[in-house]
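Single-structure report; data block below.
The values are calculated or read from the model by the stated rules, or taken from the named source; none is laboratory data. Keep in mind that what you see is a predicted model, and the values were worked out from it rather than measured. Cβ coordinates were reconstructed from backbone atoms using ideal geometry, including for glycine residues, and neighbour counts include every protein chain displayed. Just the protein is used for accessible areas: all its heavy atoms, side chains included, with ligands, DNA and RNA removed. Shrake-Rupley method; radii C 1.70, N 1.55, O 1.52, S 1.80 Å.
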Amino acid sequence: MRGNGLGHHNPVMVKKVIPVADRRYASAVPAIPARPIAPSGMLVDSLGRPLRDLRISVTDRCNFRCSYCMPKAVFDPSYEFLPQGSLLSFEEITRLARLFAAHGVRKIRLTGGEPLLRKGIEELVRLLSGLRTPDGRPIDLTLTTNASLLAKKAQALRDAGLQRVTVSLDALDDAVFRRMNDVDFPVADVLKGIEAAERAGLGPIKVNMVVKRGSNDSEILPMAAHFRHTNVVLRFIEYMDVGASNGWRMDEVLPSAEVIARIDAMFPLEPLPANEPGETAQRWRYGDGAGEIGVISSVTQAFCHDCNRARLSTEGKLFLCLFATHGHDLRTLLRGGASDLEMASAIGLVWQQRGDRYSELRATGGLAAAGLDETAPRRVEMHYIGG
Ligand code: SAM
Ligand code: SF4
Ligand code: SF4
């Protein structure tokens, strides 16, 4: 255990496996294994999947009320968001992120809620941009935003060390977009945010469009046409059954294959190979050289077999799958005084035991057998763990 830079194993400082009564989602404090798991950058889960990607939710609040994520009927003025004291501090987030990097994480995405609402987010970016992979390379640091505050913050984020941004935009038509965000936010301001991000050097920018049949699928072609001949990579995301609030119905999912067919009929497309294993989007390029698009087929084509993503909630719970029903409470370990090696060992064990593959089970009808159908405990919401 010596020489790993994480201090020495110092047992019994933190009690093991304490079920915590949580008013939001089930969680437990992970056990610190008797035999430490020192980070080697080579951690794999029970299905052989490495840990490469960490998504950190920095706030559960948002100024939009997208119907597929935070529908107004549920997230109304009486909804109780997390109190300030529950949030991980920037120092706590950075400490955890450093341990995840030591275990093999190469990419960190800040998300939420709306991450630009978190006060002082630039300072967190600055702290995280100093992290390195075990072989000394900088961590790929990015952020997903609705862009409502991006025009104001792009330059400061870039100066703090952010490399890229992904912007969510569900329509170009102003009326359709205002309906999608449900707070009457104009599309022009999002476009200004994208321009500011480009000027600041936060590219190549990705734009994510969640496609909901009957709500914004009429915007597929206008969005494609708008972002052709730009450096922006537009990605179409299938509307997912995350959480328990959005009233998801399969008939509102427009399969990616149909998105591709519609675009291909107007602007012929050619498939592109994946950039790296575990990539969520399937890539396509326009035959006439006008750029690249992607589709994320979370519903119709499960990609669990190489899912290398972990998610850290705003209050420091580790979730191993977007459809998880329980988290692993790292904050209690952190605030209980666990050493770096204890923390890393606890995280290591949780990942080694991971067997989540919700979308594959949904596709093969195996959810009930795994206890993940509608009888399962409440599923975690997207605004709480991030996308
Ligand atoms: N507020 C930021 C934003 O919208 O970019 C970051 C957080 S948001 C939860 C992250 C991503 O999740 C967004 O691109 C959003 O469109 C996507 N998302 C939210 N709910 C979804 C759902 N039910 N199905 C598919 N994507 C969803
Ligand atoms: Fe907010 Fe993003 Fe969810 Fe929309 S998708 S409600 S912008 S967190
Ligand atoms: Fe990963 Fe879970 Fe999505 Fe499968 S369902 S790809 S395991 S987050």
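Going by what's in this entry, would residue 344 be described as more than 29 Å from residue 232 (Cβ to Cβ), assigned to a helix (DSSP H, G or I) and among the small types (Gly, Ala, Ser)?
Numbers: more than 29 Å from residue 232 (Cβ to Cβ): yes; assigned to a helix (DSSP H, G or I): yes; among the small types (Gly, Ala, Ser): yes.
So residue 344 fits the description; yes.
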May I ask you to verify whether residue 188 is open to solvent by 40 Å² or more (accessible area, probe 1.4 Å) and either closer than 30 Å to residue 218 by Cβ or aliphatic (A, V, I, L, M) (or both)? yes
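Is one or more of the residues making up region 357-379 of a type outside the set (Ser, Thr, Tyr), touching a His at 6+ places or on another chain (Cβ under 9 Å), open to solvent by 40 Å² or more (accessible area, probe 1.4 Å) and more than 30 Å from residue 86 (Cα to Cα)?
So the first thing to find is which residues in region 357-379 are of a type outside the set (Ser, Thr, Tyr), and the list is 357, 360-363, 365-374, 376-379.
Still in the list and also touching a His at 6+ places or on another chain (Cβ under 9 Å): 357, 360, 377.
Checking the rest, the ones that are also open to solvent by 40 Å² or more (accessible area, probe 1.4 Å) come to 357, 360, 377.
From the residues that got through so far, the ones that are more than 30 Å from residue 86 (Cα to Cα) too are 360.
Within region 357-379, one or more residues are of a type outside the set (Ser, Thr, Tyr), touching a His at 6+ places or on another chain (Cβ under 9 Å), open to solvent by 40 Å² or more (accessible area, probe 1.4 Å) and more than 30 Å from residue 86 (Cα to Cα).
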Among the helices (runs of 4 or more DSSP H) confined wholly to region 135-220, which include 3 or more residues that are away from ligand 2 (no atom under 16 Å from the Cβ) and at pLDDT 95 or above? 150-160, 187-200
Answer from 118, 65, 126, 95 - the residue that is surrounded by fewer than 22 Cβ atoms within 10 Å (Cβ to Cβ), touching a strand residue (DSSP E or B) at 6+ places or on another chain (Cβ under 9 Å), at pLDDT 95 or above and charged (D, E, K, R): 118
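Consider residue 306 carefully, then state whether it is surrounded by fewer than 21 Cβ atoms within 10 Å (Cβ to Cβ) and over 19 Å from residue 97 (Cβ atoms).
Working: surrounded by fewer than 21 Cβ atoms within 10 Å (Cβ to Cβ): yes; over 19 Å from residue 97 (Cβ atoms): yes.
Against the criterion (surrounded by fewer than 21 Cβ atoms within 10 Å (Cβ to Cβ) and over 19 Å from residue 97 (Cβ atoms)), residue 306 qualifies.
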Just to check your reading of the model, which residue among 76, 60 is farther than 10 Å from residue 315 by Cα and of a type in the set (Asp, Glu)? 76
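Looking for whichever is within 21 Å of the chain's Cα centre (by Cα) and within 14 Å of ligand 1 (Cβ to nearest atom) here; the options are 182, 170, 140. Which one fits?
170
Each row is one residue, and each column tells you yes or no for (1) outside any loop (DSSP other than H, G, I, E, B); (2) within 16 Å of ligand 2 (Cβ to nearest atom); (3) of a type in the set (Gly, Ala, Ser).
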| residue | (1), (2), (3) |
| --- | --- |
| 77 | no, yes, no |
| 85 | yes, no, yes |
| 92 | yes, no, no |
| 97 | yes, no, yes |
| 101 | yes, no, yes |
